[in-house]
Amino acid sequence: PETPDATAPPARRRRASSATSEPLIVLDHVDKWFGQLHVLQDIELTVHKGEVVVVIGPSGSGKSTLCRTINRLETIDQGRITLDGQELPQEGKALAALRSEVGMVFQSFNLFAHKTILENVTLGPIKVRGRSRAQAEERGRELLDRVGVGHQADKYPAQLSGGQQQRVAIARALAMEPKAMLFDEPTSALDPEMISEVLDVMVDLAQQGMTMIVVTHEMGFARTAADRVVFMADGAIVEENTPEEFFTHPRSARAQDFLGKIL
Ligand code: ADP
Ligand code: MG
């Protein structure tokens, strides 16, 4: 870990890492096929408690599928995935319980349209975690405040901007008290002026020690918030490195080509 450079402007300053050496999410030789398509190829990935891993790569390289397998929204054909030492069960109650330990935020916000913002963040804790309404609402309001939409608690999703809705989606995931958060291109559907308000919330979360896997094309976020960048192409992890090394000295031709196109 480097020492933060106090002279760098805030946006470029690296966060202090909270990564530990304790494995939280482990993918062990994971393979998956969609028919003939070998969409995940021998994936080996360990994400440690407190670590922020940014996954980047061309469209169609398997990034979303990787995220979805971690939550068992997709099954795998070979290998093992463990969360905090427990192998993901195939189905049933045990799966639901384990699944709720990883919060997911997608490109589309997927809020419940006919529920208020507060109801959106209290529903899961009440139904799945067995919290009382009063407890869930107190915690829900705290989380909405934390992501900067506390004053919108009684509105409906359609009354909020895309950036605000995505911040509610983050609060809703956090309300379940997950051990880790998975973000799959959380800012890709947003108008440009709303991207930073969502990234700021994510940087904050990283700062507070949340374990995160983030699929994003926001290289500024990767540079400032990631402990590690994982580069995927054609279903495989082609290289992984610190953001400093990855962005300045990509080793593979695929990564060089990709960075050449987006930077
Ligand atoms: P990325 O998120 O990196 O863009 P995806 O994980 O969405 O990549 O997709 C990887 C590949 O798998 C793509 O070729 C995509 O068309 C294919 N794919 C994704 N989901 C399915 C599915 N349910 N059935 C068949 N093919 C799929
Ligand atoms: Mg995707």
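The values are calculated or read from the model by the stated rules, or taken from the named source; none is laboratory data. Everything quoted here is computed from the prediction, not taken from an experiment. Cβ atoms come from the backbone with ideal geometry, glycine included; neighbour counts cover every protein chain shown.
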> So which helices (runs of 4 or more DSSP H) are wholly in the stretch 90-205 and hold at least 3 residues that are touching a helix residue (DSSP H, G or I) at 6+ places or on another chain (Cβ under 7 Å)?
Replying inline: 117-127, 133-146, 162-175
>> Between a residue in the stretch 55-84 that is closer than 22 Å to Thr242 by Cβ and any residue that is in a helix (DSSP H, G or I) and of a type in the set (A, V, I, L, M, F, W, C), which pairs come within a Cβ distance under 7 Å, given they are 6 or more apart or on different chains?
In response: Val55/Leu66; Ile56/Ala222; Gly57/Phe258; Pro58/Phe258
> Is it the case that some residue within the stretch 199-216 is under 16 Å from the mean Cα position of the chain (by Cα), of a type in the set (S, T, N, Q), away from ligand 1 (no atom under 16 Å from the Cβ) and crowded, with 22+ Cβ neighbours inside 10 Å?
Replying inline: yes
> Can you name the condition, by its number, that Lys32 falls short on among (1) under 15 Å from the mean Cα position of the chain (by Cα); (2) within 18 Å of Val230 (Cβ to Cβ); (3) assigned to a strand (DSSP E or B); (4) not hydrophobic (A, V, I, L, M, F, W, C)?
Replying inline: (1)
>> Take the residues in the stretch 223-242 that are surrounded by 21 or more Cβ atoms within 10 Å (Cβ to Cβ) and outside any strand (DSSP E or B); name whichever of them is farthest from the chain's Cα centre (by Cα).
In response: Gly235
>> Only one of Lys261, Lys179 is under 12 Å from the mean Cα position of the chain (by Cα) and of a type in the set (Lys, Arg). Can you tell me which?
In response: Lys179
>> Filter the stretch 243-263 down to the residues that are hydroxyl-bearing (Ser, Thr, Tyr) and loosely packed, with under 12 Cβ neighbours inside 10 Å and list them by number.
In response: Thr248
> Can we say Thr116 is more than 16 Å from ligand 2 (Cβ to nearest atom), closer than 14 Å to Leu174 by Cβ and hydroxyl-bearing (Ser, Thr, Tyr)?
Replying inline: no
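Only one residue in Val105, Val147 is within 12 Å of Val168 (Cα to Cα), of a type in the set (A, V, I, L, M, F, W, C) and either touching a strand residue (DSSP E or B) at 6+ places or on another chain (Cβ under 6 Å) or within 16 Å of ligand 1 (Cβ to nearest atom) (or both), so which one is that?
One residue alone meets the criteria, Val105.
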>> Which count do you get for residues in the stretch 39-62 that are in a loop (DSSP other than H, G, I, E, B), on the phi > 0 side of the Ramachandran plot and away from ligand 2 (no atom under 11 Å from the Cβ)?
In response: 1
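Out of Thr65, Thr75, Thr69, which single residue is more than 23 Å from Gly220 (Cα to Cα), assigned to a loop (DSSP other than H, G, I, E, B) and within 12 Å of ligand 1 (Cβ to nearest atom)?
Thr75
Before we move on, is Ser252 of a type in the set (Gly, Ala, Ser) and closer than 22 Å to Val39 by Cα? Spell out the reasoning first.
Working: of a type in the set (Gly, Ala, Ser): yes; closer than 22 Å to Val39 by Cα: yes.
Yes: the conditions hold for Ser252.
One line per residue, one yes/no per condition, for (1) more than 22 Å from Gly50 (Cα to Cα); (2) within 16 Å of ligand 1 (Cβ to nearest atom); (3) modelled with pLDDT of 95 or more:
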| residue | (1), (2), (3) |
| --- | --- |
| Gln152 | yes, no, yes |
| Ala158 | yes, no, yes |
| Ala169 | no, no, yes |
| Lys179 | no, no, yes |
| Phe183 | no, yes, yes |
| Glu193 | yes, no, no |
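Okay, residues lined up against (1) within 16 Å of ligand 2 (Cβ to nearest atom); (2) more than 19 Å from Val121 (Cα to Cα); (3) of a type in the set (A, V, I, L, M, F, W, C):
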position	(1), (2), (3)
Ala158	no, no, yes
Ala173	no, no, yes
Ala180	no, no, yes
Asp184	yes, yes, no
Thr187	yes, yes, no
Asp191	no, yes, no
Gly209	no, yes, no
Ala236	yes, yes, yes
Ala255	no, yes, yes
